[in-house]
Amino acid sequence: MTETPGQYNKDDGTPFNKPISSAERTTLDFVTAINSFHWKTDYFKFCEVLGFTPDNYAEEKYSQFQELISNLNQFDVDLLTKMIESGGSK
């Protein structure tokens, strides 16, 4: 048995309670916030928050936002964190 008693590991063997990096915290905060906004927002709230007048432009942006959410959720936090770490200035 490779697990510490009382400690559970992810499928890749890393513990669930491992320290979280700054990039991972940023990723988690962003993904959580944007998904929360998506969950609580309809087209009219989207327009209100972003200062759009409901029109063709706003509809296009709302459609792009829907695509953003769909595409963002195809990546897990670990992959997104690696991208952020790689793309950030050090």
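The table below lists the values:
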item: Highest to lowest packing among 21-28, 49-56, 60-67, scored as the average C-beta count within 10 Å; result: 21-28, 60-67, 49-56
item: Estimated FRET transfer efficiency when R0 is 41 angstrom, pair I84-F44 (beta carbons, to 0.05); result: 0.80
item: Segment 22-87: C-alpha gyration tensor shape, a/c 1.5 cut-off, then a/b vs b/c; result: prolate
item: Set of segment 21-56 residues, backbone N closer than 16 Å to the point 7 Å along the Cα-Cβ line of I69; result: 30-50
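Here, each number is a calculation from the coordinates, and none is a lab measurement. Here the structure is a predicted model, which is why all the values come from computation and not from measurement. As a convention, Cβ positions derive from the backbone with ideal geometry for all residues, glycine included, and neighbour counts pool all protein chains shown.
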